[in-house]
Amino acid sequence: IILAIVSVIVVIFMLVAILPTFLSMFEGSGVDLPVPTLFLLSISNGVRHYWHLILLFLTVFVYLIYKYLNTEKGRRKFDEIKLKIPIVRSTAINISTSRFARTLSTLLTSGIPLLPAMDIVSKIVGNQVVADGILSVKEDLHKGYDLAGPIQRLELFPPMVHSMIRIGEESGTLDDVLVRTADFYDDEVDLAIQKMTTMLEPLMIIAMAAVIGFFVIALYLPMIDMMQTI
């Protein structure tokens, strides 16, 4: 977040404060400006003269996205997108798996029957797609199926989950097995988030360097042309 804020501040400062100082020099030189420089100058002029419209547009856009994500359709669409992104998918699935296993174990240990427990768990997993899948599993339980089979057919949870559930159902220790499963996936989530954070920091630094490098190149190209003309 700090890197992102710094990047935005640097870009805005260069567009508003740095580029206009070069504008008069470029206009008086009579040199044809390259495309990158013209592109930056047009953005600079837009930010300086229409910043209030840009700010209004961004505010309205963020508000509409926020309202859409608070609808059932918006939440489901966002959760579907998360499950399609390779790196994010595994982390989101592991988080939902951990919440599913730990919450269900707690409810069963407290004496709540499996069917009402599935309703409660569907509201805890934090992903609408997974929640809908859990409710479909509940319908299979109504028809007399065990828990492991429908969980396996759901194809949302990792393969180890239905295997552990089957072991727990056969041995009569489902709540204990679910706790062990939740502990395992908690560790997996911590490791995945640590890896993502480790990867994200250098990627953001590279992106920030690329943006600033583009600014520098766009400013130096016309200066080189001016020197050659002189």
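The values are calculated or read from the model by the stated rules, or taken from the named source; none is laboratory data. Because the structure is a prediction, the values reported are computed rather than measured. Because the Cβ atoms are built from the backbone with ideal geometry, glycine has one as well, and the counts that use them run over all protein chains shown. Just the protein is used for accessible areas: all its heavy atoms, side chains included, with ligands, DNA and RNA removed. Shrake-Rupley method; radii C 1.70, N 1.55, O 1.52, S 1.80 Å.
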Task: Accessible-area order (highest first, 1.4 angstrom probe) of the listed residues V161, V62 - done: V62, V161
- [ ] Determine how large the accessible area of S110 is when every protein chain is in place; take a 1.4 Å probe and give Å² rounded to the nearest 10.
- [x] 80 Å²
Open item on the list: Which order do you get for M223, M118 if you rank them by accessible area with a 1.4 Å probe, largest at the top?
Closed with: M223, M118
TODO: Using a 1.4 angstrom probe on the protein heavy atoms only, line up H142, H162 by accessible area, largest first.
DONE: H142, H162
Task: Projected label distance in nm at D187 and I217, using a 7 Å step from Cα toward the beta-carbon - done: 4.6 nm
TODO: Note down the magnitude of the dipole of segment 1-134 about its Cα centre, charges +1 on Lys and Arg C-beta and -1 on Asp and Glu C-beta and zero elsewhere, to the nearest 20 debye.
DONE: 520 debye
Task: Exposure of R166 as accessible area (Å², to 10), given a probe of 1.4 Å and all protein chains - done: 80 Å²
Open item on the list: With the cut-off at 1.5 for a/c, could you classify segment 125-195 from its C-alpha gyration tensor as rounded, prolate or oblate?
Closed with: oblate
Open item on the list: Could you compute the net charge surrounding D79? Neighbours are other residues with a C-beta less than 13 Å from the C-beta of D79; K and R count +1, D and E count -1.
Closed with: +4
Task: Alpha-carbon gyration tensor eigenvalues x 5, square-rooted, for segment 107-230, Å - done: 55, 16, 12
- [ ] With a length cut of 30 Å (Cα positions projected on each helix's long axis) and a Kyte-Doolittle mean of at least 0.0, go through the chain and give me the DSSP H helices that pass.
- [x] 35-69, 86-109, 174-229
Open item on the list: Given Cβ point charges of +1 (Lys, Arg) and -1 (Asp, Glu) and nothing else, what value in debye, to the nearest 20, does the dipole of the chain about its Cα centre take?
Closed with: 540 debye
